[in-house]
1. Does residue 17 satisfy the criteria of being under 23 Å from residue 167 (Cα atoms) and away from the ligand (no atom under 13 Å from the Cβ)?
2. Has the stretch 50-62 got at least one residue that is within 16 Å of the ligand (Cβ to nearest atom) and closer than 24 Å to residue 199 by Cβ?
3. Criterion first (more than 16 Å from the ligand (Cβ to nearest atom) and touching a helix residue (DSSP H, G or I) at 6+ places or on another chain (Cβ under 8 Å)) does residue 243 satisfy it?
4. Please go through the stretch 22-62 and give me each residue that is more than 19 Å from residue 85 (Cβ to Cβ), part of a loop (DSSP other than H, G, I, E, B) and within 21 Å of the chain's Cα centre (by Cα), ordered by number.
5. Within the stretch 21-49, can you find the residues that are within 16 Å of the ligand (Cβ to nearest atom), closer than 18 Å to residue 7 by Cβ and in contact (Cβ under 8 Å) with a residue 60 or more places away in the chain?
6. Would you please name the residue that is farthest from the ligand (Cβ to nearest atom), looking only at residues in the stretch 87-96 that are in contact (Cβ under 8 Å) with a residue 40 or more places away in the chain and more than 21 Å from the chain's Cα centre (by Cα)?
7. Can you confirm whether residue 222 is buried (at least 20 other Cβ atoms within 10 Å of the Cβ) and either within 16 Å of the ligand (Cβ to nearest atom) or without any contact (Cβ under 8 Å) to a residue 60 or more places away in the chain (or both)?
Ligand SMILES: [Zn+2]
């Protein structure tokens, strides 16, 4: 008989639970590391009835949970932290950077910054009802914090905490040197490239950070990478190279768009993604702004501010 019917066994002591919910990415991988004191869970899935159902089913098999560890403070990863803590007395661990992010979200100290950013980049107005539905995810106080380059136990095994800013400035991966297993969160995914964008005024150049964080992981000889969404990865370094190539391709595309004509970020965004609806424009637009900022800091495009709007154009390199 199957001991844990909702879980997929990945190795001797690692299990996967696909948590589904009816919005956003629609599913997220939680990983469960079995140890003498119970299971350590990494990431929870979004807060939704569907995700709670699958976790309740899982807990009903009688498994003991030792603690919850979070890769980064995005609502699809931390969504049920409060539920685990309050309903099941599970202690929650996050990085101190992640905790700072949670506090910022709770204080809503981002609103004006984002409105100004969208305005200077020529974007549409944000619909009033946007971005408040997942606020409850931030309403918990962690029981413990970790820092970069520390050891954290997932089950019985020791994992190195590796700070990998890019997808979010507080993102961490975890590496086990015995089993060559890397927990990659949203830093490395198999089928798609995680969105890299400025989410707050504290994000300066996330694409540059992301390139550095991708290179950083190549130093680890991982045989198995456990991503936050989608398929598991057995060739992590090849996947990293693909992701770097993909980002460079998209940056190059913008340089070309801005070669003969100056444009705003919003114009570039529409040229790349086509017309975008009120609810769908936000992420691609932020990603485009972030790429243009990277290119400007890299000396590949320049900007001019006119009537409160930024216009960009590629710097033509002399051959
Ligand atoms: Zn995610």
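1. Numbers: under 23 Å from residue 167 (Cα atoms): yes; away from the ligand (no atom under 13 Å from the Cβ): yes.
Yes.
2. yes
3. Details: more than 16 Å from the ligand (Cβ to nearest atom): no; touching a helix residue (DSSP H, G or I) at 6+ places or on another chain (Cβ under 8 Å): yes.
In short, no.
4. Matches in the stretch 22-62: 22, 23, 24, 25, 26.
5. Residues satisfying the conditions are 27, 28, 29, 31, 42, 43.
6. Taking the stretch 87-96 as the starting set, the residues that turn out to be in contact (Cβ under 8 Å) with a residue 40 or more places away in the chain are 90-96.
In the following step, the residues that additionally are more than 21 Å from the chain's Cα centre (by Cα) were identified as 90-91.
Working: 90: 20, 91: 22 Å.
Only one residue fits best here, namely 91.
7. Working: buried (at least 20 other Cβ atoms within 10 Å of the Cβ): yes; either within 16 Å of the ligand (Cβ to nearest atom) or without any contact (Cβ under 8 Å) to a residue 60 or more places away in the chain (or both): yes.
So residue 222 fits the description; yes.
Residue-wise test of (1) within 16 Å of the ligand (Cβ to nearest atom); (2) modelled with pLDDT under 95; (3) not in a helix (DSSP H, G or I).
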position	(1), (2), (3)
67	no, no, yes
85	no, no, no
98	yes, no, no
114	no, yes, no
119	no, yes, no
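The values are calculated or read from the model by the stated rules, or taken from the named source; none is laboratory data. All figures in this text were calculated on a predicted structure; none of them were measured in a lab. Every residue, glycine among them, receives a Cβ derived from its backbone with ideal geometry; neighbour counts consider all protein chains shown.
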